[in-house]
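Worksheet for the structure shown next.
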Amino acid sequence: MRKLLIAALVALPLAALAATPKTVTLDVKNMTCELCPITVKKSLEKVSGVSAVEVDFDKKTATVTYDPDKIQPEALSRATTNAGYPSSVQK
């Protein structure tokens, strides 16, 4: 029990230094079938620093929650583009 408490106290300052997650919405092109959102989601989930992805087939968007210390929105667009679905940050 004591080791667990010490480990928690040591880890606490590291968590306090972590950047606040950000969310961005991407406009995604080429999503034409029901399987496309699955591919887009998987391509974004593979990017280090991404914590959540929601893809809306009807709106042709992907909403991504990410750690701005590890990744920038441009890299998210590259990930979908490399998977065959060019995207841009929604303004």
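Can you name the number of the only condition in (1) modelled with pLDDT under 95; (2) polar (S, T, N, Q); (3) in contact with a helix residue (DSSP H, G or I) (Cβ under 8 Å, 6 or more places away or on another chain) that SER88 fails?
(1)
Quick one: which residue in VAL40, VAL47, VAL24, VAL64 is in a helix (DSSP H, G or I), modelled with pLDDT of 95 or more and not basic (Lys, Arg)?
Working: VAL47 fails: in a helix (DSSP H, G or I); VAL24 fails: in a helix (DSSP H, G or I); VAL64 fails: in a helix (DSSP H, G or I).
So the residue among VAL40, VAL47, VAL24, VAL64 that is in a helix (DSSP H, G or I), modelled with pLDDT of 95 or more and not basic (Lys, Arg) is VAL40.
Do we have SER87 as in contact (Cβ under 8 Å) with a residue 60 or more places away in the chain and surrounded by 15 or more Cβ atoms within 10 Å (Cβ to Cβ) here?
Considered against the rule, which asks whether it is in contact (Cβ under 8 Å) with a residue 60 or more places away in the chain and surrounded by 15 or more Cβ atoms within 10 Å (Cβ to Cβ), SER87 comes out as yes.
Please work out which one of (1) within 15 Å of GLN90 (Cα to Cα); (2) loosely packed, with under 13 Cβ neighbours inside 10 Å is the condition PRO73 fails and give its number.
Condition not satisfied by PRO73: (2).
For segment 30-49, enumerate the residues that are surrounded by 20 or more Cβ atoms within 10 Å (Cβ to Cβ) and closer than 14 Å to ARG78 by Cα.
Within segment 30-49, the subset surrounded by 20 or more Cβ atoms within 10 Å (Cβ to Cβ) is 31, 37, 40, 43-44.
VAL40, SER43, LEU44 - these are the residues of segment 30-49 that are surrounded by 20 or more Cβ atoms within 10 Å (Cβ to Cβ) and closer than 14 Å to ARG78 by Cα.
Would you point out which residue out of ALA52, ALA79 is farther than 19 Å from THR20 by Cα, of a type in the set (A, V, I, L, M, F, W, C) and modelled with pLDDT of 95 or more?
Testing whether each residue is farther than 19 Å from THR20 by Cα, of a type in the set (A, V, I, L, M, F, W, C) and modelled with pLDDT of 95 or more leaves just ALA79.
The values are calculated or read from the model by the stated rules, or taken from the named source; none is laboratory data. Source: prediction; values computed, not measured. Heads up, the Cβs are rebuilt from the backbone with ideal geometry, glycines too, and the neighbour counts pull from every protein chain shown.
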